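Please treat every number below as a calculation from the coordinates, not as lab data. Remember, it's a predicted structure, so these values are computed and weren't measured experimentally. All Cβ positions, glycine included, derive from the backbone under ideal geometry; neighbour counts span all protein chains shown.
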Amino acid sequence: MKVSVIGTGYVGLVTGVCLSEIGNEVICVDKVKEKINILKDGNCPIYEPSLENFIKNNISRGRLSFTNNISEAVKKSDIIFISVGTPSLPNGQADLSFVEQVAMEIGKFIDDGKIVVNKSTVPIGSGDWVSMIISESIDNNNPKKKVNFDVVSNPEFLREGSAVEDTFFPERIIIGSSSKNAIDKMLELYKPLIEQSFNWPDDKARPISKSQKVPVVITDLTSAEMIKYASNSFLATKISFINEIANICEKVGADVKAVAKGMGLDKRIGPLFLNAGIGWGGSCFPKDVSALTYIASEYGMTPQILNAVINVNKEQRLKIVKKVQDEIKIVKGKTIAVLGISFKPNTDDTREAPSVSIMNSLSKLGAKIKTYDPIVKERPDSLTEKVKICRDEYDTVKDADILILATEWGKFAELDFNRVKQLMNSHIIIDGRNLFDRDHLKSLGFRYIGIGR
Ligand SMILES: NC(=O)c1ccc[n+]([C@@H]2O[C@H](COP(=O)([O-])OP(=O)(O)OC[C@H]3O[C@@H](n4cnc5c(N)ncnc54)[C@H](O)[C@@H]3O)[C@@H](O)[C@H]2O)c1
């Protein structure tokens, strides 16, 4: 099929590339010229494992192209995905200005029979709203033109760091629309994924066996939009819940790692998203929980669980600052090493990263902060310029009065702690992700402070 994907960020780029890999002709569009130039050269502007290989292969097969020209993409495609960002406004509401801009552009060039798919995470009711914007744009630009088009909600659940695998092996596909024709076209597009019939390299494990079908939920637009918000809010709730349990564990003398293990063995609970730590961040959970809270407030509701989930998360970051103060008393002038900048391992995304807000708070208190991340090499705009970005872990911990582990990159667990001990000024480690081997560190003479243990 002929597909275009508008917005080549973590979601749009991965979606477009994977759809080309399973045999479609895909045009990826972005308004940022430099991004498109990088992609045209077969390179990847974001860090996402194995994505670059798929980009190169599909460009050379002639199935994948990149452009800044939305008109060309809309005219040539049967299915048009919108996958631009929907960040938070200061009041928590989702900022739909990028979606609106794209819908207006689509309206200028759309013809009969095309399907517009909302892959961006958008508030409830956005499907109808996008349809209205496109219709208005058609009327404004070609008043005499009659165009039949459909809008579908097809929320995305990929995780940064494993986005390519998540796209080829989804746990479910959600299709929300009132149009049978649009639903049928989407099922045709996704058939190779639903039936797991695409080719996959023999040397790479398949998370889903070839005989297994991917579940598809076909529903109305509103329910599809709600599935996405409810799913992310539930995952954030699970993390805030275990963080609250961790805080109680600290008081009563229990070990949250053992508690989470014991809880997670119950199939009704499950082991995932039960790692206590410094809280959730990233480009999705913060804005999606806030947006759902805002939507509820528009209907005169006070979503008490969601509000608590947000508050527990805010406090969890402050708790790290408090732990630092408890340990070293005077923060001013002290050197603090922070390992990890990205909001989670295996991504270069620093949006709403807990590490950034913790570093900013400690810097405000007068600490000298040094940090290192295996992938993030440039200072995020949200991080104060006072923080020094170091070349490696050992450069970071040199002369530090305290070390904070902020992002659980696997390589940090392999640190040579004898060397770390020699380099640090004093030997206090706050393990914000309960990653390190506590007993080993204690045996080396470190003071170890974890979360909830
Ligand atoms: N990142 C994730 O892990 C993830 C997972 C699931 C869903 N989502 C949702 O998917 C959507 C996209 O997220 P993302 O992380 O890929 O965003 P992103 O910020 O990484 O990428 C968005 C892209 O859209 C481009 N863009 C903006 N306006 C444009 C326009 N008018 N024309 C062409 N391109 C335009 C930007 O230049 C950017 O490259 C969001 O709604 C997000 O909530 C994200």
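Charges only on Cβ, +1 for Lys and Arg, -1 for Asp and Glu: so what's the dipole of segment 290-406 about the Cα centre, in debye to the nearest 20?
480
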task = Compute log10 of I(q)/I(0) for segment 267-315 with the Debye formula, placing one identical point scatterer on every Cα and leaving out solvent, at q = 0.24, 0.33 Å⁻¹, to two decimals.
result = -0.96, -1.19
ask   = Do any of K35/K145; K75/K119; K377/K411; K238/K368; K287/K411; K329/K388 go past 25 Å between their Cα atoms, and which?
value = K35/K145; K238/K368; K287/K411
Normalised convex hull volume, segment 64-155, alpha-carbon set, Å³ per residue = 102
ask   = What size of dipole, in debye to the nearest 20, comes out for the chain about its Cα centre when the only charges are +1 on Lys and Arg C-beta atoms and -1 on Asp and Glu C-beta atoms?
value = 960
task = Report the far tail of the P(r) of segment 315-449, meaning the percent of Cα-Cα pairs longer than 27 Å.
result = 9
task = For K228, list the aspartates and glutamates whose Cα falls under 15 Å from its own Cα; do not include residues on the same chain fewer than 8 positions away.
result = E156, E171, D220, D288
query = Given N residues in the chain, what is Rg(Cα) / (2.2 N^0.38 Å)?
reply = 1.05
key: Difference of contour (0.36 nm per residue) and Cα-Cα distance, Q304 to S211   = 29.2 nm
query = In this model, which of K40/K370; K257/K323; K261/K344; K370/K442; K2/K40 are farther than 26 Å apart at the alpha-carbon?
reply = K40/K370
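Among the GluC sites (Glu not before Pro) within segment 162-196, which fall in a DSSP loop and have no more than 13 other Cβ atoms within 10 Å of their own Cβ?
For GluC sites (Glu not before Pro) across segment 162-196 that sit outside H, G, I, E and B with at most 13 neighbouring Cβ atoms in 10 Å, the list reads E171, E195.
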inquiry  = If I model a spin label as a point 7 Å beyond the Cα along the Cα-Cβ vector, how far apart are those points for D266 and S231 in nm?
reply    = 2.5
remark   = Log entry: pair-distance distribution for segment 2-219, C-alpha pairs binned every 5 Å from zero, whole % per bin is 1, 7, 15, 20, 21, 17, 11, 6, 2, 1, 0, 0
task = Show me 88-98, 227-237 ranked by packing, highest mean number of other Cβ atoms within 10 Å first.
result = 227-237, 88-98
key: Set of aspartates and glutamates with alpha-carbon distance to K251 below 13 Å, sequence-local pairs under 8 removed   = none
ask   = Once the Cα atoms of segment 1-102 are picked out, what are the Rg and Dmax in Å?
value = 13.5, 46
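Need one number: convex hull volume per residue for segment 253-403, Cα atoms only, in Å³.
Values: hull volume 22.9 nm³, N = 151.
Enclosed volume per residue, from the Cα hull, is 152 Å³.
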